[in-house]
Amino acid sequence: MRKLVLANPYPAPLEKAAEVIRNLAALRVQALESALGGPSCAWIFPLLGVVAALDRRSRRLAVPLLVGAYGSLLLVALNATARYQNLRYAAPALMMLLAAAVLGTEALARRGRLASALAAALALAALSAPAAWFARQIDHFARASANIAGQHVEVARRLAARAPRPRRVLLGDAGAIPYLSGIPAIDGLGLGGYRGLPFARASVHGVPAVVELIERLGEGERPDVFALYPSWWVGLADVFGRRVDAVKIEDNVMCAADEKVIYEADWSALAPPGERRDGAVDQLDIADLVDERAHRYAFPSPRGGWVVAAVLRDGDRGAPRFDAGRLIPEGREQSFAIEAVAAIARGPAVLVLRTDGGGPIALGVAAGRDAGGEERVEVPERPADRWSEIRVPLRDVGPGDRIRIRSLLGTFRSFHVWLLRP
């Protein structure tokens, strides 16, 4: 989910298709050319595989191996990082081609002395052709292993030595750190999961969506230290963390950056889990993927609905409060359904929309079972240092009704929605 091209809600279908084609082109070179000895020799493995597919005795194994080899390349081309990971995603295809080629060599060797000599020559050429690449791959593996030892293992050692012992560490795609430190972890990219929360999907939408999931956790569950790459976690590491240590390596070929930073966490800007507004019969925390799913929330995708966040004063004298939201471009809309719970009776209500500072905008709001009859709402300029609210009276709404909010003028920065009884 984290790396699946199709899971990214922001690019257009043609942009996703182009990404898959680029991955296929790179994988073809990596798996079917370079790793097999270059263009002059790369044809030998597939040829021997075809020989096995044509042979009656080996066909039942060879055909699935060949289909699997090329099918696996099509599958991993859907991975957004496929072409940046050396042979990581090409390895299954290479192993299946190797197995098919072994069957083809054996099938050819059974056809007489001349065919046996040809099979031996082809097998020798196929196995020796990539040898020139072995030294490079061995060196890459050794340097990559040194990177993990020098950075992740050292970070784990320093975390384990901290006093008091950290309660939980927040990291990203770094399983060696909790494994070696013995400290429980939450992976912001979703590795391993945590309490069924959709961290992997949230990380695709953006860092603020990950923070929204952490806001769902009790204060005793939230990580009290981070081990993060700052450039990967802008809006989290710099907003909620205080840098206390770092591990920097030289000759980085494997890690996401040469420096991994350790932070102490400060979640004071987050709301308490389960916080409800007085008088609210329903509320939607936009960019919280759990809340969005419960309300069947829809944002303009592709090329819209990007996740953003801010920490602003809540009211004229309130404390700083974090909230994440989505950008609704001019001419596009967001919509959601009122939760179908018995406690909400049909009748008039007030729709409250949270936004941040900025110039004048205009919204079109429609509510009801068919969400028709759009009403235009003019929103004046708002101060930049605090959250602002837009109040829209609704004549008649009830459980299951859909509310549609369209941006008529300017980009609407939509963060939170409450439904209040007047």
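The values are calculated or read from the model by the stated rules, or taken from the named source; none is laboratory data. In this text, all values refer to a predicted model and were calculated from it rather than measured experimentally. Cβ: placed from backbone, ideal geometry, glycine included. Neighbour counts: every protein chain shown.
Assorted remarks:
- Just one of the listed residues (THR81, THR105) is surrounded by 16 or more Cβ atoms within 10 Å (Cβ to Cβ) and either over 30 Å from LEU197 (Cβ atoms) or among the polar types (S, T, N, Q) (or both), and it is THR105.
- Residue under evaluation ALA265, criteria (1) in contact with a Pro (Cβ under 7 Å, 6 or more places away or on another chain); (2) at pLDDT below 95; (3) buried (at least 18 other Cβ atoms within 10 Å of the Cβ), criterion not met: (2)
- Qualifying residue in the stretch 197-218 (condition: closer than 30 Å to ALA142 by Cα, under 17 Å from the mean Cα position of the chain (by Cα) and not aromatic (Phe, Trp, Tyr)): yes
- When the stretch 4-16 is limited to residues that are touching a helix residue (DSSP H, G or I) at 6+ places or on another chain (Cβ under 9 Å) and assigned to a helix (DSSP H, G or I), the one that is surrounded by the fewest Cβ atoms within 10 Å (Cβ to Cβ) turns out to be LEU6.
- Taking the stretch 201-236 as the range and being of a type in the set (A, V, I, L, M), over 23 Å from VAL155 (Cα atoms) and in contact (Cβ under 8 Å) with a residue 60 or more places away in the chain as the test, the residues that pass are ALA202, VAL204, ALA209, LEU213.
- Any strands (runs of 3 or more DSSP E) falling wholly within the stretch 242-340 and containing at least 1 residues that are hydroxyl-bearing (Ser, Thr, Tyr) and in contact (Cβ under 8 Å) with a residue 24 or more places away in the chain: 259-265, 333-337
- Which numbered condition VAL417 misses (of (1) of a type outside the set (Gly, Ala, Ser); (2) part of a strand (DSSP E or B); (3) more than 28 Å from the chain's Cα centre (by Cα)): (3)
Residues checked against (1) among the basic types (Lys, Arg); (2) modelled with pLDDT of 95 or more; (3) under 18 Å from LEU419 (Cα atoms):
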position: GLU292; (1), (2), (3): no, yes, yes
position: VAL308; (1), (2), (3): no, yes, no
position: LEU312; (1), (2), (3): no, yes, no
position: GLY318; (1), (2), (3): no, no, no
position: ARG321; (1), (2), (3): yes, yes, no
position: ARG326; (1), (2), (3): yes, yes, no
position: GLY331; (1), (2), (3): no, yes, no
position: SER335; (1), (2), (3): no, yes, yes
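- Residue among ALA107, ALA135, ALA99 that is part of a helix (DSSP H, G or I), more than 33 Å from the chain's Cα centre (by Cα), at negative phi and not assigned by TED's automatic domain parsing to the domain that holds GLY49: ALA135
- Any hit, the stretch 325-333, residues being in contact with an Asp or Glu (Cβ under 8 Å, 6 or more places away or on another chain) and not small (Gly, Ala, Ser): no
- Residue that is modelled with pLDDT under 95, more than 32 Å from the chain's Cα centre (by Cα), surrounded by fewer than 17 Cβ atoms within 10 Å (Cβ to Cβ) and assigned by TED's automatic domain parsing to the domain that holds ILE286, where the choices are GLU378, GLU374: GLU374
- Test: residue in the stretch 182-196 that is more than 30 Å from ARG293 (Cα to Cα) and either assigned by TED's automatic domain parsing to the domain that holds ILE214 or modelled with pLDDT under 95 (or both): yes
- Residues of the stretch 170-229 satisfying the condition of being farther than 23 Å from VAL307 by Cα, among the β-branched types (Val, Ile, Thr) and not in a helix (DSSP H, G or I): ILE183, VAL225
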